[in-house]
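Report on the structure given below.
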Amino acid sequence: MFKKILVANRGEIAARVIRTCQSLGIATVCIYSEADKNAPHVAMADEAYGVGGPKVAESYLNIDKILEIARLSKADAIHPGYGLLSENAEFARRCEEAGIVFIGPSADVISRMGSKIEARNMMEKAGVPVVPGISYPLADAEEAAQAASRIGYPVMLKASAGGGGIGMQIVHSEAELHKAFEGNRKRASDFFGDGAMYVEKVVENPRHIEIQILADSYGNTVYLGERECSIQRRHQKVVEEAPSTYLDELTRGKMGEAAVKAAKSIGYRNAGTIEFLVDENKNFYFLEMNTRLQVEHTITEEITGLDLVAEQLRIAAGHSLNFGQSDVTRDGHAIEVRIYAEDPKTFFPSPGTITTFAIPEGLGIRHELAVQEGSVVTPFYDPMIAKLVVKGKDRGEAIDRLQEALAHYHVQGIKSNIPMLQEVIAHPAFRSGDTTTGFVAKYLRS
């Protein structure tokens, strides 16, 4: 096992990785920007190094500086967390060249899965269902219109690179497609350095359901069940739960087997997630693969009893999985909500100083925190400041515990999305399991 790990991230995921390292007796190194010098994760690590200015390009995306700190601190490995450099193939490649273990898949796999178009092609070859659409980059709006007419409107115009809903838009007509194409291509190019676009058929009233997998270097791959991530705003998840109330055991098994097939077809190693869209007839379609730990990995941990970060470290250190598919069990129901520093109505970020931060404690409650009372939420980073995770013996108990916890979760000095989360959890449609990706637009937006 590793002796020292550098965590190339910030906030709650940095703290999460550090906590597991400490439990395993592994020394930790963290990095921090000028804006994060007083962040909680900095105090947790054994060593902490400034990495640059407040903007991510000056700090958390500075590969040269991060590798310099890794060498200076004599770190054996680097855990990238999620976001930032976690799915950056060049970073993984540079780690390998520097003789530092990158805790994740190979640079080649990251590169191939980072292109949604190439990922579609690979999944088609592997026999994994994909959403009807095209699997090549569009030259211009005219070619896009020709493809859309073959597929049939409405279609989803999508950027091949990146995520978070950037460069993505549903269009219902050729005129709308022509109007949307260049703007989305430019946004994708500006954010990801890649303006390649493609189109897929819109899956009506879908569920967004993903499968967590683990794969070692010896050909062993298992799936750890699913997470329902359908409640989203601006194509970004806000509420996740496991297991999904929508899947029957037959569909669950088929999706798990498809996820394993997908991972094996590309020689995947470490923790990864295969995301699917599931339609009203329980047909499922490959959406994308996340070649890293997911924000919502916590709910899988809660119902399986596994520490996914510890499993990541074991695999990266060269160990084989010490359990098989038949050993994976499921216990209870878990729900995670993401606490954002944002206006609950407009979803606009709300930076500022947190003057009050009081969180609930009790049976079945887990917190992953990026802030504390007195923390300054800056405009430089994603506005997620915490995750609240609850577990119950069943979904009803988990919802009850979540409602009670949110009622006693107090954040002042900034706006938060807690009122919006309370509105979601209290809605009869949520209680009944009617949680498609259109939930927010259908039930919360007037």
Exercise. Which whole-number percent gives the relative contact order of the chain, counting Cα pairs below 8 Å spaced six or more residues apart?
Worked result: 14
Exercise. Of A263, T329, C229, which is farthest along the charge dipole of segment 218-361 in the positive direction, counting Lys and Arg as +1 and Asp and Glu as -1 at C-beta?
Worked result: A263
Exercise. Averaged per residue, what accessible surface does segment 207-444 expose to a 1.4 Å probe, in Å²?
Worked result: 37
Seminar exercise, completed: Expressed in angstrom and ordered largest first, the alpha-carbon extents of segment 172-316 along the principal axes are 50, 35, 28
Seminar exercise, completed: Protection proxy (average C-beta count within 10 Å per residue), highest first, orders 383-390, 422-429, 53-60 as 383-390, 53-60, 422-429
Exercise. Taking the mean number of other Cβ atoms within 10 Å as a proxy for protection, how do you rank 318-328, 17-27, 222-232 from highest to lowest?
Worked result: 222-232, 17-27, 318-328
For this session: Place +1 on the Cβ of every Lys and Arg and -1 on the Cβ of every Asp and Glu in the chain, take the dipole about the Cα centre, and give the residue among L313, T298, I274 whose Cα lies farthest towards its positive end.
Result: L313
For this session: Determine, for each peptide in 86-94, 169-177, the mean count of other beta carbons within 10 angstrom over its residues, then list the peptides with the highest first.
Result: 86-94, 169-177
Exercise. How much area per residue is accessible in segment 56-142 when the probe is 1.4 Å and only protein heavy atoms are counted (Å²)?
Worked result: 41
Problem set entry | segment 276-317: GluC sites (Glu not before Pro) in DSSP coil with no more than 16 other Cβ atoms inside 10 Å | E280
Seminar exercise, completed: XL table K55/K201; K116/K201; K237/K415; K158/K282; K201/K254; K37/K158; Cα-Cα > 26 Å flagged, in table order, is K55/K201; K37/K158
Problem set entry | Accessible carbon and sulfur surface of the chain relative to its total accessible area, %, 1.4 Å | 50
Exercise. Which entry in (1) 21.1, 60; (2) 23.2, 74; (3) 21.6, 69 is this structure's computed Rg and Dmax of the Cα atoms in Å?
Worked result: (1)
For this session: Report ³J(HN,Hα) in whole Hz for each residue of segment 383-391, in order, from the Karplus equation J = 6.51 cos²θ - 1.76 cosθ + 1.60 where θ = phi - 60°; Gly and Pro get x.
Result: x, 5, 10, 6, 10, 10, 10, 10, 9
Seminar exercise, completed: In whole Hz, the Karplus estimates of ³J(HN,Hα) for segment 327-335 (6.51, -1.76, 1.60; θ = phi - 60°; x where Gly or Pro) are 8, 6, 10, 10, 9, x, 9, 10, 10
Exercise. Each label point is 7 Å from the Cα along the Cα-to-Cβ direction; what then is the distance between the points at N281 and D343, in nm?
Worked result: 4.3
Exercise. In debye to the nearest 20, how big a dipole does segment 370-432 give about its Cα centre with +1 on each Lys and Arg Cβ and -1 on each Asp and Glu Cβ?
Worked result: 140
Exercise. What size of dipole, in debye to the nearest 20, comes out for the chain about its Cα centre when the only charges are +1 on Lys and Arg C-beta atoms and -1 on Asp and Glu C-beta atoms?
Worked result: 180
Problem set entry | Dipole-positive endmost among A70, L85, I13 within segment 4-103 (Cβ charges, Cα centre) | I13
For this session: With +1 on each Lys and Arg Cβ and -1 on each Asp and Glu Cβ, and nothing else charged, work out how big the dipole of segment 336-446 is about its Cα centre, in Debye to the nearest 20.
Result: 240
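The values are calculated or read from the model by the stated rules, or taken from the named source; none is laboratory data. On a predicted model such as this, the values are computed, not experimentally measured, just so you know. Neighbour counts are summed over all protein chains in view; Cβ atoms, including those assigned to glycine, are modelled from backbone coordinates with ideal geometry. These area figures cover heavy atoms from the full protein model, side chains too; ligands, DNA and RNA do not enter into them. Shrake-Rupley method; radii C 1.70, N 1.55, O 1.52, S 1.80 Å.
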